[in-house]
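Trainee: The structure follows.
We did not get these values from a lab; they are worked out from the coordinates using the rules stated. These numbers come from a predicted model, not from an experiment. Please note: Cβ atoms are built from the backbone with ideal geometry, for glycine as well, and neighbour counts cover all protein chains shown.
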Amino acid sequence: MTSPTAFERMFGFARKDVMLGNWREQPFNRWAFQNVGEMVTSARISAREGNLEAAPVDLGGLLGETLDIGGRSETALAFLERSSTDALTVMKKGRFVGDWFAPTMKAEARHIIFSISKSLTAILAGALEGEGKLDPDAPVTAYVPEAAGSVYANATVRHVLDMTVSLDFEEAYLDPESLFARYRRATMWNPGGGAESLCEFLVTLKQLDEPHGRTFRYRSPNSDLLGIIVERASGQRYAELMAEKLWRPVGAKRDGFVTVDKEGTARAAGGVSVAVRDLARVGEMMRQGGTTEGGRILPQAWVEDTIHAGDADAWQRGTMTNLFAGGRYRNKWYQTGNASQAYCGIGIHGQWLYVDPKAEVVIAKMSSQALPVDDPLDLDNGAFFEALCARV
């Protein structure tokens, strides 16, 4: 009998056990979420050469702090472990005040952020809007003419940005026979992909018997379409545009990656992988109104619109009021509606980028939760962030 390898000792399984058909399932996701490029072809989002990251800062006493999380008393460390956290970074007033990494994740590792990718894609749209290259009120077909026969034929870019497209589609993450499974095959995320490209899939989608703009419906294909829209508006590939407009200007220290389909189209809705501190830097840029030490990345008016606008009625007609009862959604960022006026990007399996403007705190959390969507744990995550912001 052979001795287990270092990989097997760390993760409890062999690399050969991780395949395209199971990479999002526990226990395999703990490794796969940090190595998506070995599962799905990915394009590089280049950071500036020579940018070296400082050593992690120990969260120290904060880990032992007892917090009120969903009505239960729990230490910060116990919650991080219970919520399958891989990495956590906390910033206060622009300074890194603490990092925590699970034994299975190194500080320099990149981790998939799933639907926080949507929030990053919207930042690209905001930058292009500021340059006069993208009009949010324009019809989708102005940028993607082939969408003329689809649900997007009479939709605007604004509908796409705010998830108010009346799209006949369900986010059925665990149904292998659903339209969602076909969608994932088109992104090359599931076995059997390659029969159609992502764009080919998107322009087959149909409309519900309701006008656009009325109801918030969380539908990932909208955000992949936004990725195509920003490519068409800019004349650049998504990864190149991200590097130019966000990644290098925000001061990212590590290259990011984004998965691509058979044609090289980026999975703008969920395929981005980055280092945890670099993700926090994006949140800090938003907290600073679209600026960094290197200058302005986004128009301040766009940031203010993102964190204060949004249709409250459309949100209330949607199905996510259990998460944020008084929330809103604008430009692919969630407004919590809490007294703190916090806002965030969220990804399945426990990815969060949380910005509390009153506490001047930014928190980036990367996880490998067992379920794509776990409503009780999502509520606990929100309570954890509120409690942590009050202690930092």
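Trainee: Amide H to amide H, which residues 5 or more places from THR156 or on other chains are under 5 Å from it, using H placed in the peptide plane?
Mentor: Excluding prolines and chain starts, which carry no amide H, the hits are VAL140.
Trainee: Next up: Normalised radius of gyration for the stretch 288-392, please: alpha carbon Rg relative to 2.2 N^0.38 Å, two decimal places.
Mentor: 1.09
Trainee: Please work out which option in [x] 30, 25, 21; [y] 32, 29, 21; [z] 27, 24, 22 gives semi-axes √(5λ) of the Cα gyration tensor in Å calculated from these coordinates, and answer with its label.
Mentor: [x]
Trainee: When only C-alpha pairs under 8 Å and at least 6 residues apart count, what is the relative contact order of the stretch 222-342, in percent?
Mentor: So the answer I get is 17 percent.
Trainee: Moving to a separate point now. Return, for the Cα atoms of the stretch 212-293, the radius of gyration and Dmax in Å, separated by a comma.
Mentor: Cα only, the stretch 212-293: 14.0, 41 Å (Rg, Dmax).
Trainee: Here is a follow-up. Are there any helices in the chain, counted as whole DSSP H runs, that stretch 15 Å or more along their axis by Cα and score at least -1.0 on average by Kyte-Doolittle, and if so which?
Mentor: Both cut-offs are met by 116-130, 220-234, 276-287, 375-391.
Trainee: What percent of all Cα-Cα pairs in the stretch 1-67 falls into each 10 Å bin, going from 0 up to the bin containing the maximum distance?
Mentor: Per 10 Å bin, starting at zero, the Cα-Cα P(r) for the stretch 1-67 comes out as 15, 27, 31, 25, 2 percent.
Trainee: Separate question: Neighbouring Cβ atoms within 10 Å as the yardstick, rank THR319, THR204, THR2, THR187 fewest first.
Mentor: Ascending Cβ contact count within 10 Å gives the list THR2, THR319, THR204, THR187.
Trainee: Here's something else I'd like to know. Quick query: amide H of ILE45 versus all other amide H atoms, modeled in the peptide plane; which residues come in under 5 Å with a sequence gap of 5 or more or a different chain?
Mentor: Amide H neighbours of ILE45, under 5 Å, 5+ apart: GLY256, PHE257, VAL258.
Trainee: Just to compare against my own numbers: the Cα pair-distance distribution for the stretch 158-291, 5 Å bins, whole % per bin, please.
Mentor: Cα pair-distance distribution for the stretch 158-291, in percent: 2, 10, 17, 19, 19, 16, 11, 5, 1, 0.
Trainee: Now for a separate question. What are the semi-axes of the equivalent ellipsoid of the stretch 47-198, taken as the square roots of 5 times the eigenvalues of the Cα gyration tensor, listed largest first and rounded to whole Å?
Mentor: For the stretch 47-198, the semi-axes come out at 38, 22, 18 Å.
Trainee: What percent do you get for the relative contact order of the stretch 251-297 when only Cα pairs under 8 Å and 6+ apart count?
Mentor: Relative contact order, the stretch 251-297: 33 percent.
Trainee: Right, another one. Quote the relative contact order of the stretch 166-296 in percent (integer), defining contacts as alpha-carbon pairs under 8 Å separated by 6+ residues.
Mentor: 23 percent
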